[in-house]
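All remarks here apply to the structure that follows.
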Amino acid sequence: MGQGAPSGNFDAVVLGGGPAGLAASILMSGAGLKTACADPLFRQLRDRPDSFRDARTIALLQGAIRMLERIDVWPHMQARSAPLWVMRVEDHTERWPGAPAMDFRADELGDEPFGYNIPMPVIVGALWNRALACDNLELIDDAAAEINIGADAARLTLDSGRIISGRLLAAADGRNSPARKAAGIKVNRWAYDQTAIALTFTHELPHDDTSVEFHRPPGPFTIIPLPGDNSALVWVERPEEARRLMALDDEALAAIMQEHMHGRLGRITHIGPRNAFPVAGLTARDYAARRTALVGESAHVLPPIGAQGLNLGMRDAALLSELAAEAHRWDGDPGGSELIAEYDRRRRRDIFPRTAAVDFLNRSLLFGGFPPLQGLRALGLTALKSLPALRRGLMSQGLVPDEDLPAIMRRA
Ligand SMILES: Cc1cc2nc3c(=O)[nH]c(=O)nc-3n(C[C@H](O)[C@H](O)[C@H](O)COP(=O)(O)OP(=O)(O)OC[C@H]3O[C@@H](n4cnc5c(N)ncnc54)[C@H](O)[C@@H]3O)c2cc1C
């Protein structure tokens, strides 16, 4: 395998068609690069789109929403999304010193919400439909069996035996990324001994476009608005307790959820399907090397706190496409060493501090029985509550300042 002639030479090959890979494919093909995107998932999206299920909802911040608007994807998601105007953090660790409840309000920053909460199948479905309409994009429902990266191109042998090559390889093939391994990029990985349960539910009282992160010792219990009297839940627990909760019937689960929500949202009237995800951390030691750029979870995996994961993934996709389009225009090589170095440098600045901040927040809950850590959390939240300028500064950093965003994500 791998010795035959390529049956497709592309400017860019995107391996993996999850949300980050689909976004990168749409952007690169839209910029005039002849692009291929391969993922065995496409068979299901094409033949049985309604069977794609994922109980996660994803909070996408304004930068990602602006990008989706500009590639004409957002109008197909908007009706099934809910705006996030207030993000509330409540300390229920019962540890000393206690931390005050804290509201982060988008109207302190301007006249738009922080972002929108969108069901994952809606995101993937809308991106897939948009990708189908792209001129320069071939969608291949196959997996890469072998990847060889040479001086001039990356060459992929697919399960079918077909060989494709790309001058740039966008590795959007998830946390165990074969493309990352082929490029020789090492990662740091760690586990948290936590499981996140994701589900959606219907409730009696309005959510007022407010998400609430209840901080509990096993991890955050976060409710995030959806249209109408519906919300999503991301409930982080120790793995053994998560297994027990996953096995409960809806009525028993609703009773425990109501207890953890302290009366917020009133009675739970319906619970949707649930998924459980191991909570893990991963960061690549390089974000690009040898014609290969990491996009999405091949580059970074974070605990589900503060809605960072796919927002980072969308920024990976946007920056890579911007740099590739520019290189393609100037010298025709979208995978050259300058682009690789520039992408690595700029993504490092964004990914590294966010991974560290989310890791600190998660560990401060898990190991918060250790007084200095709890003290730091309490002090931080007290300072934020009493100092509006500090609060606004943190909120702007969380949203990423406009000048640090890829061009397609900036305000007009
Ligand atoms: C409970 C939970 C809640 C979350 N909430 C948020 C949130 O509110 N906001 C946020 O920004 N992020 C959130 N995240 C993170 C977000 O879900 C992830 O960042 C995102 O789903 C990752 O997308 P991806 O495209 O990088 O990877 P994936 O969706 O994993 O896609 C990788 C694709 O690569 C394909 N692939 C793998 N190997 C091959 C191969 N050899 N050949 C071809 N294709 C291959 C796979 O089939 C797959 O489709 C949350 C995560 C969890 C667990």
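The values are calculated or read from the model by the stated rules, or taken from the named source; none is laboratory data. All figures in this text were calculated on a predicted structure; none of them were measured in a lab. No Cβ is skipped: glycine too gets one built from the backbone with ideal geometry, and neighbour counts run over all protein chains shown. Please note that ligands, DNA and RNA were not included when accessible areas were found on the heavy atoms of the full protein model with its side chains. Shrake-Rupley method; radii C 1.70, N 1.55, O 1.52, S 1.80 Å.
Summary table below
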read-out	value
Unique match (being among the hydroxyl-bearing types (Ser, Thr, Tyr) and within 17 Å of the chain's Cα centre (by Cα)) among 283, 269	283
Number of positions in the range 72-106 that are over 13 Å from residue 226 (Cα atoms) and either surrounded by fewer than 17 Cβ atoms within 10 Å (Cβ to Cβ) or in contact with a strand residue (DSSP E or B) (Cβ under 8 Å, 6 or more places away or on another chain) (or both)	23
Meets criteria (in contact with a Pro (Cβ under 9 Å, 6 or more places away or on another chain), among the charged types (D, E, K, R) and open to solvent by 10 Å² or more (accessible area, probe 1.4 Å)) for residue 286	no
Some residue of the range 354-363 being on the phi < 0 side of the Ramachandran plot and assigned to a loop (DSSP other than H, G, I, E, B)	no
Every residue from the range 175-200 that is within 10 Å of the ligand (Cβ to nearest atom) and part of a loop (DSSP other than H, G, I, E, B)	175, 176, 177
The range 344-361: number of residues that are of a type in the set (Gly, Ala, Ser) and either closer than 14 Å to residue 280 by Cα or open to solvent by 90 Å² or more (accessible area, probe 1.4 Å) (or both)	1
Failed item, numbered, when residue 160 is tested on (1) in a loop (DSSP other than H, G, I, E, B); (2) in contact with a helix residue (DSSP H, G or I) (Cβ under 7 Å, 6 or more places away or on another chain); (3) within 16 Å of the ligand (Cβ to nearest atom); (4) farther than 30 Å from residue 221 by Cα	(2)
One residue from 39, 11, 47 being open to solvent by 10 Å² or more (accessible area, probe 1.4 Å) and more than 16 Å from the ligand (Cβ to nearest atom)	11
Breaking point among (1) within 18 Å of residue 169 (Cβ to Cβ); (2) assigned to a helix (DSSP H, G or I), for residue 33	(2)
Residue in the range 348-357 that is touching a His at 6+ places or on another chain (Cβ under 8 Å) and aliphatic (A, V, I, L, M) present	yes
